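What follows is a short report on a single structure.
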Amino acid sequence: MADEEILPTSTLPPWAQQAFPTNETTTFNRIQSKIYPQAFETNNNLLICAPTGAGKTNVAMLTILRTIGNYRQNDHVQLKNFKIVYIAPLKALVQEQMREFQR
């Protein structure tokens with residue numbers, strides 16, 4: 001596993017980097033780095049099974065950013081043209097993510 005590349009959050013385009021403030025993180029973890037091409041660079045469906053704390057929420061954020069990116073034109077997001085439904089097992093996690101999304 002030593003050959004696995006850990007990606008910096010700066011891999012994302014500048015508009016998407018805002019979702020990962022550098023004062024909180026500057027790199028994706030091993031799992032996030034491995035899944036990054038599928039989560040952010042394709043429209044494929046994903047099923048992620050990993051332990052608590054493995055970074056699944058950030059992978060979900062990558063897929064959300066991918067969707068937003070699909071509807072960006074000239075630095076404007078066509079908000080009326082898509083919906084994102086975020087489902088999590090705990091109300092507290094949903095509330096935390098809503099705060100993050102609104103940043």
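Each value in this text was obtained by applying a stated rule to the coordinates, not by laboratory testing. Since we're looking at a predicted model, the values are computed, not measured. Note: ideal-geometry Cβ built from the backbone for every residue, glycine included; neighbour counts use all protein chains shown.
See the values below:
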item: Calculated SAXS-style log₁₀ I(q)/I(0) at q = 0.12, 0.23, 0.24 Å⁻¹ - the chain, Debye, Cα scatterers; result: -0.41, -1.57, -1.67
item: Among 5-15, 57-67, 77-87, the order from most to least packed when residues are scored by Cβ within 10 Å on average; result: 57-67, 5-15, 77-87
item: All lysines inside 25 Å of residue 91 as judged from Cα atoms, apart from same-chain residues fewer than 8 positions distant; result: 56, 83
item: Nitroxide proxy distance, nm - points 7 Å out along Cα→Cβ at residue 102 and residue 71; result: 1.9
item: Pair residue 29, residue 87: separation of 7 Å Cα→Cβ label points (nm); result: 2.4
item: Spherically averaged projected area of region 22-77 from its Cα convex hull (nm²); result: 4.6
item: Length-normalised contact order of the chain in % [C-alpha pairs under 8 Å, at least 6 apart]; result: 21
